[in-house]
Each structure stands twice: as structure tokens, then as C-alpha cells.
Amino acid sequence: MAQTKQIVVVGGGMVAHRFTEAMRARDTEGRFAVTVLAEEPRAPYDRVALTSYFTGRKPEELALGDPSLWEDPLVTLERDAKAVSVDRAARTVTDAHGRTYPYDHLVMATGSYAWSPPVKGSDLPGVFVYRTIDDVAALRGYVQQRRRDLGRTVRGAVIGGGLLGLEAAGALQELGATSTVVQFADRLMNLQVDEGGGQALSRLIENTGVKVRCNTATEEIRADKHGHVGSLKFAEQGEQLVDVVVFATGVRPRDELGRDMGLPLGERGGIVVDDTCLTEDPAISAIGEVACIQGSCIGLIAPGNTMAEIAVDRLLGGVSTFPGADTAAKLKLLGVDVASFGDAFATTPGALELTYADPVAGVYKKLVVSDDARTLLGGILVGDASAYASLRPLVGSEVGGDPAGWLLPEGAIERPNVELPDEAGVCSCNNVSAGAIRGAVTEHGCTDLAGVKACTKAGTSCGSCLPLVKKIMGTELEKAGIEVSNALCEHFAMSRAQLFSAVQVSELRTFSEIIERFGTGRGCDLCKPAIGSILATLYNEHVLAADRAALQDTNDRVMANMQKDGTYSVVPRVPGGEILPEHLILIGQIAQDYGLYTKITGGQRIDMFGARLEQLPSIWKRLVDAGMESGHAYGKSLRTVKSCVGSDWCRYGVQDSVGMAIALELRYRGLRSPHKFKLGVSGCARECAEARGKDVGVIATDKGWNVYVGGNGGFTPKHAQLLVEDVDDATLFKVIDRYLMLYVRTADRLQRTAPWQEDYEGGLDAIRSVIVDDSLGICADLDAHMARHINSYEDEWAAVLNDPERLKQFTAFVNAPEQPDPTLAYVEQRGQRRPATASERSDGSVLIAPATLEVRS
Amino acid sequence: MTTTASGVARDTTTVAVCAYDRLTPELGVAALVDGVQVAIFRLADGSVHAVQNLDPFSGASVMSRGITGDKAGEPTIASPIYKQVFSLLDGRCLATMDKEPAAGHEGRLTVHRVCVEDGQVRIALAEPAGP
């Protein structure tokens, strides 16, 4: 085996990461060792997601890929190691600390720097660029400091109205500053969108509160009397007061090392490489933004990743070449969807443009097709980019059918159904073709989205192609005869969501009618509880009503949580975690009287374990008589609303989180759902209630509340995503009402909110447009349903205690109602009891038999 | 009306446990018969079935609190603890949910003979299953 060769990568950005990852994945024989020289004091991170640093993500959450890459024995990451010179004759690189690194092959991946035009005053304190975590952290620190110093909202301006400029404007807003985008060109994002698109974009961006000034040149940044940034002076129309300025006027390749070592540079900079990413020196490659490939430098991640893959392939003896940059992009800026792909400006001779504009809805779409209107060449989508994932891979192929189907709002007319050619790229971030996704199904036996993602890496970066990946996978599974079944069980061929609609529309109210009409057989432990839950959600009738009891799952069946020995735990509701001392005493008294094991739950209430079936009514009678009610700890329903102590007591609280938590808990108590769900309310941004780990998290701001949705603990923890910001109480209730109603109606059986939200077609954006913008026109119905739920709420346990028929279900034995289950056995542990294990039972160490605990109040 | 299960029944006299009308369709009850716990189910078609109340997979006496149903037409009862499904006709386990029975237990239910006479549900115990 040949000796291991040394590769030195200069630069520690995303493309350097991709190069290293690909090399380690493909160089299975260990032919190359890779040393990465990073200028920043950290491992490569997701620069594209930099703005999310403002929405609470920590630098480490921006980490790329599997961090164990850096522990690979053939990988060395040198942080804070800016390369300053290269000796091509000796084949060594020297860093700023004077350390030298010998190389057999050198990869230049130095990327770009943020370029700012020579405007007077651009060196004042308060002027920033937007490129690295440090830039962003400095900007954040400055804005926070200025807000404290000035005692008012900080006024921000971004110079540059391209993609990065809009990102920066969003970041300023996120920091609580106002922002104005100052654009020299006649429209925003002039490189990606045309005039029509630019107009739509300006309107949408201004709707988010960002001011837009196009056709404006900044002449000077002027200082205030303390020497900080104070105002912008424009070339033509006067001046604007500002406290902070961000330059987002483009990037330039960091090619100074290339220049120093005498490598040819492009006309507008960049180290010139051929289609294999090699420079003039066969021992040196250049990849990413610093490479001038096919005549230009490309500031996008997808072509950068492609170059990294090509460089690796070539070093390993492959023959791949750069196919030309796919400059297609789909972005979400300030919540506005923008996509541009292919020949977006119709430069192909004879190209035709089909446009659709709806200024009211803020949508602009354009398709560019060949002169015979058959082949798709490119397009621009602003405001609604839902068709992007389907359209982009079709560039160069026949559009099929009436292309107008892609322009009109979804569902207006049928979209042409075209099968993508195998070579069509589906995931541009990871360069995965339609054929590779098909292969994952046909050759590697993947049968679900998670499998295909793991197998191909498709959709693992930005995720925008996932709907398409799922569709291709579904079609392929179908072809292979593998049924993608969403049947509930052998008795119902439909999914829970379909069954929900069927039950709702048919207005059938009994299981026997429903199974006769929509299913077969007699039902089972899957469909019965599902229908029990659907009926409870729709009509809010008692879970143990007439023929309902037999449908309920284990816990709902007796309104308590069955434990491993068949006894139950009892949890009264403690709304928001606020509890009266007398209720605390009562719970303690009951636990003592019945010998129950007590534990504080994760949802800020108290659980009493070890109650037998026949003891439940008498325990609940004492709780209900004292004013407590069912906590639905047993239900697939609202469990708790956790809160911090809030502004009443806390020195930092900005809103009354306890009051809000109680209001929410009382509002949604008893709402039956596909899975349990929990809420949390934090009184300030410190987030002591851990609300973002809940299905719905509410966090106080100084202007109102932020609402986050889709957080889950459990097996697959997820942080909740921002749904709406700074809303008042009424809006908060309204959006949560609708979110929950949409969830309970359309989720699958046992599907929690996080996967539901992910699987929902169009994701959280689509959900937001349904419940905030009423895009489906169902909000009135959702509101009415929730109002019905709230108005018809009754305490289930109080109702049972008043009904002798239902109480009959709480007997131990039909022929010996008061006889405790003789098989129960307990041992003492830390002053309380717990079920005896099998060996404790057999060796006679059981201390407590159930009959000795028989206490009646 | 009489329903005879296929389990091996001892030739003993039957014991009355409750009135047939006390049973809610599809909702099980537990009964103590000579110290043995029995789960009794009246199904929607009027038939009555009795099996051991002990769930062999958890060791808890809870089968009467499971959900009734059918698997390809055969009447079933699902354990409320780990959801194994058993036939009400012969007690065999139709879905183990990838679990083994608890130590010392057989992975099936004993079926007891049950009949309805003069409006009373009567049980004849089969060979006892497990402890």
C-alpha cells in the first residue's frame, strides 16, 4: 500500500468541511490525510443558517455534519490558523503563528470576504459586515448596548438589497431594531428576480415592517456627536437617522494567497481553475467561492459543494468534471419565499415568459419556456415558492400539459404530472439525482423518507426538496408493489385524518355505525380508541358515555393511568402548576389514607400511585368535593401547561406567565387529540418553563407573546418553531385554538405535533397560512369547533361520580366488588411502597399485602 | 344461550358469577371463581367468553380491562398493558408485540367454559394456568 499523502486545506468554511467529509467517506483505504487550516477559532459551521443565530441558536447548533469527523485519525483541524504564505517549491504552508504544514496536495478553500464600497464613514463604530459568527455576535452586542445607552429602539440600516442584505435586515428586526434596506439597484435581489418579482418582493418585505429604498446611493455615513454612527447621507434625497449600519454589498474572493504564490487570477478575482478544480499548479486545487471556475466565482453553497466533491473524486483517480453552476436558489427571507432558477431572465433566444401576478396576495410567478412553449428553461417565484421543488429539476425537460398549472395558486387547475428523468437533480445542496433516490428504493430497499435521507443524503441540508423526494420515493414504492399503506388497521383502510373527515361529515356517532359504513369486522385495540378519540374531539361527550367506554384505551377506560401491576395513578389538575395549600394537604392526606406512592410529575403536578380500580371513585370524590378536577393525565389530550413564576414574583418576568398558563390550561382541558400534548409559558426570554420543548410554547416579550409550535420531548426531542411573534392575548388564543384544531383533525394516529408539522404538506409555512391567513377558508369552522369544546367542557370525574351506571365499571370483581386483587404485592422503599418484583414475591420478602391498606374515608 | 369455549374444561359444576344483563357489550368484567381470577366478555353478537384474568406478558391481573375486537373474524382481547392480542376462542396469542411472556408464564390464555342459564352467567374453571 502506498504511503499516506498529506492534503492541506486552506480555509475552514462549509466547502472545506464538505471536502473533508467526502474524502473521509470515499477514501476507504486511507490514502490521504487531511489537515484543515481554519482562520476562525471554531470548526466549520453552517454560514447559510447564520441568521438563525438570532433566533436563539447557539454557535454549536450551527455545526455541520457529524462532529466525529474531526476526531478521525486522518483528519486534523487547526483552529485559529490563518494561512499567510505558501511555498510552492517546498510544498509548505505557513500560518499566522509561524507554524508550517507540508503538503502533497493543497486545496484552497478560503472563500470570500464581505466587500464594502468606499463610503466615507464606513470605519465608524456601529458599521458592520455580515459574514461570520463573530460579525454577527459583534452586531448583536452593539445593538443591545446601543438600546441600553439610548433608551429607545435602535434604528438600523442595511446597505445592499440582495440576498444577504435581506438576511441582515431580518437579523436587525430579530434584535429588536428597526431596519431600512438601502438598495442601489432599482429593485431588491436584482440578481435573482426581474422587475415584476422585485415589485412583489418589495411589497412583501415592507409588510414585515422593513423599509425599502431602491435607486439609492449612500454617499456618507455621518457620526453623531459622540462619534458613533448617527446618520446616512444619500447621494440625492437627503439624510436618514441611523444608529447601526450593516454593509451587505456583496463578497469578493479571498484570493490574496493565490496572488502571492503567482497563480493566475480571474478578471474579477478568484484563483483560476479548470473543470477539475485544478489550478495551473497540478499540486494545488481551489474550490468554493475563491475558485474562478468557467470564468467566474460563484457565491453559492451548492456549486461549492460540487467542487469539493470533484476535487475529492479527482484525487482518488476519478474523472468527474464541473457541470456548470446551478445558481437556482430558494430562500426564505423575513418569512417571504423567493425562488429563482435556470434562465430566470429569459436570455435564451426566442424564450417565452409566462407570468402570473396577484398584488393583493403578494404573489409573483414567472416561467421561462422555449419558443415552442414545451421545454422549461427557468423561472422566478416570489411569495409562493411551493412549486419550486417540482419545477427546478424540470429545467431542460418538457413541462408537460398546461404550464399555467404551475403558476396559478395550488389547486386552481391540475398541475402537470411529469416523471423526472433519472439524471435530473433533486437535492442541489447534496447533488442527489432523481435516479439516486429511485435507486435507494429499488436497490437499497429503503421504504421510508428517513431511510432515503440516510441512504442518499437528499434533503439533509436545507430540506427544500423533501416534498419531491417523498413523492419520487412514493411513486417508486408503488411501482415496486410495496404499498405505502396509511390504513389504520385491518378494519379501516383509511388513515386517521381521512377517518376523522368521514366521521365528521357523516355525523355518525356510534362505533357500530361507523365501522359498518367505513370499515369491516368488529374493530380492535387500534381503531376503537382512535374512533373513541375522534368522537370525543368532535362532540366532547363523556368518554364513558353509553357505548363509548368499550372503545377507550387502557387509561381512558377508567380515567386513570394503569401501572405495571394493574393499579392506577391519580393526578388531579393543577392548572399552570399553581396550587392552594389546602389542596396540597388534601393530596397528602389521601395518599396517606390509601397508602399511595407520591411523586411530582414533569408537568408540575402530583401523581399518586397504587390506587386500585375500586378505590378510584372514593379517591376522586374527596378531590372533587374539595374543588379539584380531572387532570386528564390518562388521556390522549391536553396534559399540562407548565409555567415559570412570571412577573408577579420574579425579578425578571415581563408578563404574567402563570395567569396565561392557567387561562390556556382551562381553555384546552379535556380536548382529545391523536396524542397527548403539552403547553408551556415562560414569562421572559430566559425561558425557565422550557416552553420550546412543548407542543405549544409561549414566551413573553416586552411587546406581547411569541408562540412556538411543534416542540416535543420523548423519543425524538424537538424544539418548537416560531409561529407568530409579539401577539396580544386575543391573537395568542386564536392562533393556538386553530393550530390545535388543525392538529387534532389532520394528524395521524399517535402522531405528535412535531412530526405532524413536518409531514404536513408545505410544513409550518403552510400551517401558518392556514391558521393565520385563512388560506383554506376553514378558520371560522376551527374557531367554532374550539368554542364548542370550551363551552361544553365538564369534569369527567365529577360526571362519573354522579352516575351509578358508570360507577359500576369501577368494581374489582363482578361477584366480589370490594375484594382487592389478591395478587398485588408491595415492598417498602425510601419510606414509600412500590410493586414487588417477581423474585421478591418468590423469596417471601413482600412486606405489604393490599388488604392491609384497605382504608375507607 | 350457551357458548362453549374450546379449552379443556374440568368436569366440575359451574359457578354462577353474575346476571347476564349486568354485562355491557364489549366491556369486560373480572370475577373470582374459587379464588381464580376470570375475565368475562359479552360481545356485541351476544356471545359470552371467559379467559384467565392474568396477563401472561405483564404478570398483572388485568385482561378484563382490555379491548375486545377481531382478527380476521376471530374474536380477540388485547392486553391493556403491553397490547398483546389473544384469541377469545382458544386463548392463543395472535400478536406478541415482540415480547416474551413474563417468567413462569405461558404465552397464551386459559379459556374457561362459560354458559348462560336462567339469565345467570356460569363459569366452569379449566386447568389453572400459571400461579
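The values are calculated or read from the model by the stated rules, or taken from the named source; none is laboratory data. Here the structure is a predicted model, which is why all the values come from computation and not from measurement. Methodologically, a virtual Cβ is constructed for each residue, glycine included, from the backbone with ideal geometry; neighbour enumeration extends over all protein chains shown.
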For segment A:122-166, enumerate the residues that are of a type in the set (S, T, N, Q) and either in a loop (DSSP other than H, G, I, E, B) or at positive phi (or both). A:Ser122, A:Thr132, A:Thr153
Selected residue (criterion: surrounded by the most Cβ atoms within 10 Å (Cβ to Cβ)) from residues of segment B:77-89 that are in a strand (DSSP E or B) and more than 10 Å from chain A (Cβ to nearest Cβ): B:Phe86
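Residue-by-condition table, conditions (1) part of a strand (DSSP E or B); (2) of a type in the set (A, V, I, L, M); (3) under 33 Å from the mean Cα position of the chain (by Cα); (4) modelled with pLDDT under 90:
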| position | (1), (2), (3), (4) |
| --- | --- |
| A:Val245 | yes, yes, yes, no |
| A:Arg252 | yes, no, yes, no |
| A:Arg259 | no, no, no, no |
| A:Arg268 | no, no, no, yes |
In segment A:228-243, which residues are at pLDDT 90 or above, surrounded by fewer than 22 Cβ atoms within 10 Å (Cβ to Cβ) and more than 14 Å from A:Phe184 (Cα to Cα)? A:His228, A:Gly230, A:Ser231, A:Gln240, A:Leu241
(1) surrounded by fewer than 24 Cβ atoms within 10 Å (Cβ to Cβ); (2) in contact with a helix residue (DSSP H, G or I) (Cβ under 8 Å, 6 or more places away or on another chain): which one isn't true of A:Gly324, the others all being true? (2)
Could you please tell me which pairs satisfy a Cβ distance under 7 Å, a separation of 6+ or placement on different chains, a first residue in segment A:521-550 that is at the interface with chain B (Cβ under 10 Å from one of its Cβ atoms) and outside any loop (DSSP other than H, G, I, E, B), and a second residue that is surrounded by fewer than 24 Cβ atoms within 10 Å (Cβ to Cβ) and among the aliphatic types (A, V, I, L, M)? A:Cys527/A:Leu488; A:Ala549/B:Leu27; A:Ala550/B:Leu27
Of B:Arg122, B:Arg65, the only residue that is at the interface with chain A (Cβ under 10 Å from one of its Cβ atoms), surrounded by 15 or more Cβ atoms within 10 Å (Cβ to Cβ) and not β-branched (Val, Ile, Thr) is B:Arg65
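Of all residues being assigned to a loop (DSSP other than H, G, I, E, B) and not hydrophobic (A, V, I, L, M, F, W, C) in segment B:22-36, which is nearest to the other protein chains (Cβ to nearest Cβ)? Just the residue, please.
By that ranking, first place goes to B:Glu26.
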From A:Ala458, A:Ala450, which residue is part of a helix (DSSP H, G or I) and among the small types (Gly, Ala, Ser)? A:Ala450
Among the residues that make up segment B:90-100, is at least one of them buried (at least 21 other Cβ atoms within 10 Å of the Cβ), in contact with a Lys or Arg (Cβ under 9 Å, 6 or more places away or on another chain) and within 11 Å of chain A (Cβ to nearest Cβ)? no
Taking segment A:105-124 as the region of interest, how many residues are at pLDDT 95 or above and farther than 24 Å from A:Val48 by Cα? 2
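Only residues that are among the small types (Gly, Ala, Ser) and either modelled with pLDDT of 90 or more or closer than 25 Å to B:Leu43 by Cβ (or both): list them for segment B:99-129, please.
Selection gives B:Gly107, B:Gly119, B:Ala124, B:Ala126, B:Ala129.
Every residue, every condition in (1) surrounded by 22 or more Cβ atoms within 10 Å (Cβ to Cβ); (2) under 25 Å from A:Met628 (Cα atoms); (3) without any contact (Cβ under 8 Å) to a residue 40 or more places away in the chain, yes or no:
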residue: A:Ser657; (1), (2), (3): yes, yes, no
residue: A:Ala661; (1), (2), (3): yes, yes, no
residue: A:Ser673; (1), (2), (3): yes, yes, no
residue: A:Ser682; (1), (2), (3): yes, yes, yes
residue: A:Gly693; (1), (2), (3): no, no, yes
residue: A:Lys703; (1), (2), (3): no, no, yes
residue: A:Val709; (1), (2), (3): yes, no, no
residue: A:Asp728; (1), (2), (3): no, no, yes
Among (1) over 18 Å from A:Tyr568 (Cα atoms); (2) buried (at least 17 other Cβ atoms within 10 Å of the Cβ), there is one condition A:Arg806 misses while meeting the rest; what is its number? (1)
Given (1) within 11 Å of chain A (Cβ to nearest Cβ); (2) of a type in the set (Asp, Glu); (3) out of contact with any strand residue (DSSP E or B) (no Cβ under 6 Å at 6 or more places or on another chain), index of the condition B:Glu74 fails: (3)
Out of segment A:485-518, which residues are crowded, with 17+ Cβ neighbours inside 10 Å, of a type outside the set (Val, Ile, Thr), within 12 Å of another protein chain (Cβ to nearest Cβ) and over 26 Å from A:Asp448 (Cα atoms)? A:Phe511
Only one residue in A:Gly160, A:Gly165, A:Gly151, A:Gly156 is out of contact with any strand residue (DSSP E or B) (no Cβ under 9 Å at 6 or more places or on another chain) and more than 24 Å from A:Val360 (Cα to Cα). Which one? A:Gly151
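Looking at segment A:779-800, which of its residues are in contact with a Pro (Cβ under 9 Å, 6 or more places away or on another chain), over 23 Å from B:Cys18 (Cβ atoms) and among the aliphatic types (A, V, I, L, M)?
Keep residues of segment A:779-800 that are in contact with a Pro (Cβ under 9 Å, 6 or more places away or on another chain), which gives A:797, A:800.
Going one step further and asking which of them are over 23 Å from B:Cys18 (Cβ atoms), we end up with A:797.
None - no residue of segment A:779-800 is in contact with a Pro (Cβ under 9 Å, 6 or more places away or on another chain), over 23 Å from B:Cys18 (Cβ atoms) and among the aliphatic types (A, V, I, L, M), so the list stays empty.
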Provide a single number: the residues in segment A:270-310 that are assigned to a helix (DSSP H, G or I) and within 22 Å of A:Ser340 (Cβ to Cβ). 9
